[in-house]
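S.K.: Mind looking over this structure? Questions follow.
The values are calculated or read from the model by the stated rules, or taken from the named source; none is laboratory data. This structure is a prediction, so every number in the text was calculated from the model and none was measured. Here the Cβ positions follow ideal geometry from the backbone for every residue, glycine too, while neighbour counts run over all protein chains shown. What goes into the accessible areas is simple: the full protein's heavy atoms, side chains included, and nothing from ligands, DNA or RNA. Shrake-Rupley method; radii C 1.70, N 1.55, O 1.52, S 1.80 Å.
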Amino acid sequence: MATSSITKTFVVSGKEQVEQFANAIEESYQEAICQAPAPDLQITHLRGADEVKKFMARRKKSNA
C-alpha cells in the first residue's frame with residue numbers, strides 16, 4: 001500500500017478499524033523490506049561479424 005496513493009483525508013475510528021489499518025501498514029512495510037533484489041544481468045556486446053559467429057557457435061553448442 002503506497003502512501004502516495006492516499007490522496008484524500010480519511011478518518012480511522014473504532015478499535016477494529018484501527019487494528020485493520022495498522023495491520024495493513026505493517027504488511028506493506030514487511031513486503032517492502034522482503035522484496036527480492038533484481039537479478040544480475042550479464043550483457044554481451046558483439047562487435048563485428050567474427051564476434052557474432054563465435055557467439056552463435058557457443059549458443060548452438062549449449063542448446064544442442
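S.K.: In the stretch 43-64, how many residues are part of a helix (DSSP H, G or I), open to solvent by less than 80 Å² (accessible area, probe 1.4 Å) and aliphatic (A, V, I, L, M)?
M.R.: Total meeting the criteria: 3.
S.K.: Further question: From 25, 33, grab the single residue that is of a type in the set (A, V, I, L, M), part of a helix (DSSP H, G or I) and exposed (fewer than 10 other Cβ atoms within 10 Å of the Cβ).
M.R.: Residue meeting the stated conditions: 33.
S.K.: Moving to a separate point now. Can you tell me which residue is modelled with the highest pLDDT among those in the stretch 1-34 that are among the β-branched types (Val, Ile, Thr) and under 24 Å from the mean Cα position of the chain (by Cα)?
M.R.: The extreme case among them is 25.
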